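Participant: My structure is below; once you've seen it, I'll send some questions.
The values are calculated or read from the model by the stated rules, or taken from the named source; none is laboratory data. Note that the structure is predicted; figures quoted are calculated from it, not measured. Cβ placement follows ideal geometry from the backbone for every residue including glycine, while neighbour counts extend to all protein chains displayed.
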Amino acid sequence: MFESLGHLASGFGVATTLHNLFYCLIGVTVGTLIGVLPGIGPIAGIALLIPATFGLDPTAAIIMLAGIYYGAMYGGSTTSILLNVPGETASVITCIDGYQMAQQGRAGPALAICAIGSFVAGTIGLFGLVFLAPPLARAALVFGPPEYFALMVFGFIVLSNVTGTSLLKSLMMAVVGLIIGTIGLDPVTGNARFTFGHVYLLGGIEFVAVAIGLFGIAEVLANVEKPPEMLEKKVIVPRFRDLYPSLTDLKKSIKPILRGSGLGFGLGLVPGPAPVIATYASYMVEKKVSRHPEEFGKGAIEGVAGPESANNAASQSAFIPLFVLGIPFAPPTAILLGALLIHGVNPGPLMISQHPELFWGVIASMYIGNFILLVLNLPFVPFFASILRIPQNILLPLIVLFCLTGMYTVNNSVLDIWLMLLLGGLGYLMRKWAYEGAPLLLALVLGPRLEVAFRQSLMISRGDFEIFLSRPISLALLLATALFLLIPAARMILKAAKKDNLVKSRKT
Amino acid sequence: MKKDELIGGSVVFLFGAVTTIFSLQLPIGTFRRAGDGLFPLCLGLILMFLSLLFVLQVFFRKEPRGEDAASGSAIPGSAKQVLLFLGAAALATALLNSLGYLLTALFLMLALLRLLGMKRWVPLALFSLISAGASHLLFVYWLKIPLPRGWLDF
């Protein structure tokens, strides 16, 4: 424990150098802007800015990209409260009571509680990371290819189960992502696969193009389709002096913030879109434990404090599986995995010992980033709110211009832009047909690792599939996977049976 | 809605089938010593199975009356707007190397802003010029990223 604290202190030494502080500041500021602006979420935002980190050392690069991630999570709440439009999906729940508070002239306290809650959650998350990551990394050393394979399958199934409206559709998208991930060189033999003689395809499909296409361009196209009157909304801009919450607000918020932080941290360790689930879970918990549940939905500050803290804590703990296992459980951390690999860092159980400066530096920078968000964002709320006044018919072309330019800068290749536009069109159709992009992106990033783990396992066992069932960790993970697959199926059968009984009883 | 879902499911099924066919052209090997095509072959087959299951599920699902008709009432012209928007971005991509970044960005902004309803030419030209110039400054001078200079070499 004391050893971890010592490492954390050295991490603060790394994070507080002028160079790293600057990139942390840039990251959280840009992240907040990305979160505030509708049309570009954290996934496309991080992907878009990866090329901007090419000239940086890995520590500064990841500090900046991580800052964009949690800055965007924070910024999303601003639009939820002021505009009733969530900047990203994890902020949907904040709209319910946050916007009601804004309507009652209490936008300031709602935004302040968001910032305070996020900071407290960040502090709790920091200690969780410091004390959980090293022992988990040691435990992860016993993971072999079968365990990694089972863990990744478990991740896909859980993510597919909790995203979108249909498990089947999400699973289909995960498999499509895995197939796209097989394009390029075979990770074991090194032979070209599905490249059709094109040199461009040898390196595989550029995941940044997929991320920006599916989450940036597709979102813009979905907005372009809307009638102009739907894009214009009244923005409430609070004054600086109205920002401070009252003592009663603070008293009411303390417990929800603490509960939300704990809940969010725990859920961040589980595969799936943890921040989204954490905010919903926190809202439900707060409503259940409240003495005045009837106030929820009408501007209860607890309905903002709990979910926002849960959101931030889950975003922070999502770094544990990424850093410790090298396996991201959600698309934003999958993009960060891609960024780490680009910078020559291979996350996994050995990352803490091989790259202590990066690991502890990034962790410490998260705390500093949360502090910057608290100190900078509150006074600048009126500024961020003013950004929301930019009409969408100006904002959307600007986003497209940045997507095109950002995509080109990844490899200085026009072919990447073509790929991004193609996937943008595909992403638009996927939205029309209600298919989720998150499982596809995660599968694309993890696909080659999954294939290697699968093939290595079978090589070890000489082709015997029993290897996945004879090792306790792998068996437990596969059993959990089966459970996640069977529960929705059983629920569907029960629902159909109930419906049949109802029809029969009506007939009789 | 049902029709859209059936089309979507069929497209995914087709993708699975194409993957399976192309995988079979690669060495498959055995599970003990897998060839390049084994993993994608398994994935293609799984995708075909899942999408077939989905298509059948949608096909036999009872839709409440009138739902299909209601879902068919898409906003007229909006799909055209999306296509034009995407088309303008594609045209800009095609012209990027020949025209250079600055001119392409300028024309792209002009086209997209016009498409989204900016009718008056002066603000349209002014805004396009400022945004193209600002992005050029940001990427070329601040981030030092070499962007295409085109025939006119700027």
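Participant: Can you tell me how many residues in segment A:144-187 are within 12 Å of chain B (Cβ to nearest Cβ) and within 18 Å of the chain's Cα centre (by Cα)?
Facilitator: Within segment A:144-187, residues that are within 12 Å of chain B (Cβ to nearest Cβ) and within 18 Å of the chain's Cα centre (by Cα) number 6.
Participant: Could you tell me which residue of segment B:83-121 is farthest from the chain's Cα centre (by Cα), considering only residues that are within 7 Å of chain A (Cβ to nearest Cβ) and more than 26 Å from B:Val140 (Cα to Cα)?
Facilitator: Per the stated criteria, the residue is B:Met118.
Participant: Checking A:Ile399 against (1) within 23 Å of the chain's Cα centre (by Cα); (2) more than 14 Å from chain B (Cβ to nearest Cβ), which single condition isn't satisfied?
Facilitator: Status for A:Ile399: all satisfied but (2).
Participant: Please go through (1) modelled with pLDDT under 85; (2) assigned to a helix (DSSP H, G or I) for A:Thr165 and return the number of the only condition it doesn't satisfy.
Facilitator: Against the list (1) modelled with pLDDT under 85; (2) assigned to a helix (DSSP H, G or I), A:Thr165 comes up short only on (2).
Participant: Please state which of the following conditions A:Thr53 fails to meet, knowing it meets all the rest: (1) in contact (Cβ under 8 Å) with a residue 40 or more places away in the chain; (2) under 30 Å from A:Phe402 (Cα atoms); (3) away from chain B (no Cβ under 14 Å).
Facilitator: So the condition that A:Thr53 fails would be (3).
Participant: Is it the case, given these coordinates, that A:Ile63 is farther than 20 Å from B:Leu138 by Cβ, of a type outside the set (D, E, K, R) and touching a Phe, Trp or Tyr at 6+ places or on another chain (Cβ under 7 Å)?
Facilitator: yes
Participant: Restrict the check to segment A:491-503 and report whether at least one residue is among the aliphatic types (A, V, I, L, M), surrounded by fewer than 16 Cβ atoms within 10 Å (Cβ to Cβ) and in contact with a helix residue (DSSP H, G or I) (Cβ under 8 Å, 6 or more places away or on another chain).
Facilitator: The answer is no; no qualifying residue exists.
Participant: Now, a different point. Report yes if some residue within segment A:156-170 is in contact with a Lys or Arg (Cβ under 7 Å, 6 or more places away or on another chain) and either crowded, with 23+ Cβ neighbours inside 10 Å or under 20 Å from A:Met366 (Cα atoms) (or both); otherwise report no.
Facilitator: No, every residue in segment A:156-170 fails to be in contact with a Lys or Arg (Cβ under 7 Å, 6 or more places away or on another chain) and either crowded, with 23+ Cβ neighbours inside 10 Å or under 20 Å from A:Met366 (Cα atoms) (or both).
Participant: Any residue that is touching a Gly at 6+ places or on another chain (Cβ under 7 Å) and under 26 Å from A:Lys226 (Cα atoms) - is there at least one of those in segment A:440-458?
Facilitator: Yes, there is a match, as at least one residue in segment A:440-458 is touching a Gly at 6+ places or on another chain (Cβ under 7 Å) and under 26 Å from A:Lys226 (Cα atoms).
Participant: A further question on this structure: So is A:Leu421 farther than 30 Å from B:Phe31 by Cα, assigned to a helix (DSSP H, G or I) and within 25 Å of the chain's Cα centre (by Cα) or not?
Facilitator: For A:Leu421, the condition - farther than 30 Å from B:Phe31 by Cα, assigned to a helix (DSSP H, G or I) and within 25 Å of the chain's Cα centre (by Cα) - is met.
Participant: Which one of A:Leu422, A:Leu458, A:Leu415 is modelled with pLDDT of 90 or more, in contact with a Lys or Arg (Cβ under 8 Å, 6 or more places away or on another chain) and not basic (Lys, Arg)?
Facilitator: A:Leu458
Participant: Among the residues of segment A:424-476, write down those that are outside any helix (DSSP H, G or I), surrounded by 20 or more Cβ atoms within 10 Å (Cβ to Cβ) and within 12 Å of another protein chain (Cβ to nearest Cβ).
Facilitator: If the condition is that a residue be outside any helix (DSSP H, G or I), surrounded by 20 or more Cβ atoms within 10 Å (Cβ to Cβ) and within 12 Å of another protein chain (Cβ to nearest Cβ), then A:Tyr435 is the only one that fits.
Participant: Search segment A:339-364 for residues that are under 22 Å from A:Leu151 (Cβ atoms) and part of a helix (DSSP H, G or I) and pair each with any residue that is polar (S, T, N, Q) and modelled with pLDDT of 85 or more when their beta-carbon atoms are under 9 Å apart and the residues are at least 6 apart or on different chains.
Facilitator: Going by the 9 Å Cβ cut-off, the qualifying pairs are A:Ala339/A:Thr53; A:Leu340/A:Asn346; A:Gln354/A:Asn346.
Participant: Surrounded by 24 or more Cβ atoms within 10 Å (Cβ to Cβ), in contact with a Phe, Trp or Tyr (Cβ under 6 Å, 6 or more places away or on another chain) and β-branched (Val, Ile, Thr) - does that describe any residue in segment A:204-220?
Facilitator: no
Participant: Taking into account only those residues within segment A:402-411 that are out of contact with any Ser or Thr (no Cβ under 9 Å at 6 or more places or on another chain) and more than 9 Å from every other protein chain (Cβ to nearest Cβ), which is nearest to B:Leu116 (Cα to Cα)?
Facilitator: Here the residue is A:Val410.
Participant: If A:Tyr200 passes every condition in (1) within 25 Å of A:Phe465 (Cβ to Cβ); (2) assigned to a helix (DSSP H, G or I); (3) of a type in the set (Ser, Thr, Tyr) but one, which one does it miss?
Facilitator: Looking at each condition in turn, A:Tyr200 falls short on (1).
Participant: Let me ask something additional. For the structure I just gave you, tell me whether A:Val414 is within 14 Å of chain B (Cβ to nearest Cβ) and surrounded by fewer than 24 Cβ atoms within 10 Å (Cβ to Cβ).
Facilitator: Yes: the conditions hold for A:Val414.
Participant: Test A:Ala476 against the criterion of being over 31 Å from the mean Cα position of the chain (by Cα) and modelled with pLDDT of 75 or more, and give yes or no.
Facilitator: no
Participant: Which count do you get for residues in segment B:128-145 that are more than 7 Å from chain A (Cβ to nearest Cβ) and more than 20 Å from B:Ala94 (Cβ to Cβ)?
Facilitator: Number satisfying all stated conditions: 10.
Participant: Still on this model: Just one of (1) more than 9 Å from chain A (Cβ to nearest Cβ); (2) under 19 Å from A:Ala443 (Cβ atoms); (3) surrounded by fewer than 16 Cβ atoms within 10 Å (Cβ to Cβ) trips up B:Val11, so point out which.
Facilitator: Of (1) more than 9 Å from chain A (Cβ to nearest Cβ); (2) under 19 Å from A:Ala443 (Cβ atoms); (3) surrounded by fewer than 16 Cβ atoms within 10 Å (Cβ to Cβ), only one is false for B:Val11: (1).
Participant: Residues of segment B:26-41 being within 9 Å of another protein chain (Cβ to nearest Cβ) and either assigned to a helix (DSSP H, G or I) or touching a residue at least 12 places away in the same chain (Cβ under 8 Å) (or both), which ones?
Facilitator: Listed by number, the residues that qualify are B:Leu26, B:Gly37, B:Leu38, B:Phe39, B:Pro40.
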